[in-house]
Amino acid sequence: MLQRHAAISPAGAAAQAGANPGLLRTLWSMGETEATLLLVEDHRATRRFLADNLIADNFEVLEADTVRAARELMRTRYPDAAIVDLGLPDGDGLELIALARRSDGGAVDPDLPLLVLTGRTGELELLRGFRRGCDDYVAKPFSYPELHARIAALLRRTRRRPTARRLRVGALALDPLSRQAWLGEQPLSLSNKEFALLRMLAREPTRVFTREELLRAVWGIRSTEVATRTLDSHAARLRRKLLAGGVRLVVNVWGVGYRLMDGEPS
Ligand code: CA
């Protein structure tokens, strides 16, 4: 799986700081960003170009070069929108679009904004893309400012959508599209990472998720001592916020990881 996290800081800052850009990117990925975009493109130079520009524009970027990797990232990282190339080595980008649109709203949001970016420029191809459920279609060669404007417009529309599907566990409700969470009627104030962590745990409320799984899914990084401390401090903060709302959730299972709750949801 190919993926990269992005930075909340201007791309050039890493160079200015004279430090290892890869490392800085990882550190910055723990901050907050505009939105998380899934970029599915097998052409390396195009992917690099797009990722660099999107990161400089304050997006978190998840990269995939195959249908398989993209599918996995859709299920585990909850992107806010996806840019999808059609000709991929292990299949067609349209399969990804069909997969998202068929989703029951569990792991993959069926309303995920999807923009096709392709060299297939014929009208028939374009119509096929829209029939499969894409929201926008950009032909290569493309202009980055135009692509950026289209993505921004898609995200704006999504955020205005009033009927987002909510995930519920007992008194807890999560809205993946607006990244809002509530306890009963009370909205919770969560950071992006706290929300992503809560969403992951809420998918299977009584299962224990290992620290490795959570770090990979929420931060996209491997388990190290520093990473584990980051996870633990986010989990502790999340637990305190939920406790302040009157529920005991986010259970630390010593030596293993976390689960949302001990018993069945009431
Ligand atoms: Ca391609």
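No value in this document is a laboratory result; all are computed from the given coordinates. All figures in this text were calculated on a predicted structure; none of them were measured in a lab. Positions of Cβ are backbone-derived with ideal geometry, glycine not excepted, and every protein chain shown enters the neighbour counts.
Take the Cβ atoms of residue 121 and residue 166, set R0 to 45 Å, and the FRET efficiency comes out at 0.70. By the count of other C-beta atoms within 10 Å, a proxy for reagent exposure, 62, 54 are ordered fewest to most as 54, 62. A simple spin-label model places pseudo-atoms 7 Å from Cα toward Cβ; at residue 256 and residue 207 they are separated by 1.3 nm.
Would you mind ranking 60, 72 so that the residue whose beta carbon has the fewest other beta carbons within 10 Å leads the list?
On the way: 60 26, 72 15.
With the sparsest Cβ surroundings first, the list reads 72, 60.
You can think of it this way: the chain between residue 248 and residue 157 has 29.2 nm of extra reach, that is 0.36 nm per residue less the Cα-Cα gap.
Relative contact order (percent) for segment 167-259, with alpha-carbon contacts under 8 angstrom and 6 or more residues of separation? Intermediate results must be reported in sequence, preceding the final value.
Values: 112 pairs, mean separation 23.0, N = 93.
Reported as a whole number, the value is 25 percent.
Put in line by how crowded their Cβ is, counting other Cβ atoms within 10 Å and starting with the fewest, 258, 144, 137 read 144, 137, 258.
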